[in-house]
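Structure record follows, encoded as structure tokens.
The values are calculated or read from the model by the stated rules, or taken from the named source; none is laboratory data. Quick caveat, the model's predicted, so the values are computed rather than measured. For accessibility, only protein heavy atoms count, side chains too; no ligands or nucleic acids. Shrake-Rupley method; radii C 1.70, N 1.55, O 1.52, S 1.80 Å.
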Amino acid sequence: MPKKDFRGTVKGADKLFSVNDIRLDTSSVQDTLDTQRKRGFYRLNLKLDIDLRDYISDAAWRQRTNITGYLNNLIRADQNKHNKGAGL
């Protein structure tokens, strides 16, 4: 007796069980790099001391932003401080 499956019960279900699916190539980094350039973001994997976790979280909350926004603001303030000191 043949084994029953869901292919005959739901219209279009045979597409779910197709072996010849076209899969996206996830090994290519090129697509990811192009997308990041278009967005204008720079990704950084950052390890911070554990004792800074609460401080950064609270400081970001006080500024009504997220941690990424808080760190962006810190870096911009430091950049502006150095640019003014250099006479630029």
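Structure above, values below:
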{"read-out": "More than 11 Å apart - percent of Cα-Cα pairs taken over the range 40-79", "value": "68 percent"}
{"read-out": "Residue order for ARG43, ARG62 - accessible surface, 1.4 angstrom probe, largest first", "value": "ARG43, ARG62"}
{"read-out": "Whole-Hz couplings from phi, Karplus 6.51/-1.76/1.60, listed for the range 72-83; x for Gly and Pro", "value": "4, 5, 4, 5, 5, 5, 5, 5, 5, 4, 6, 5"}
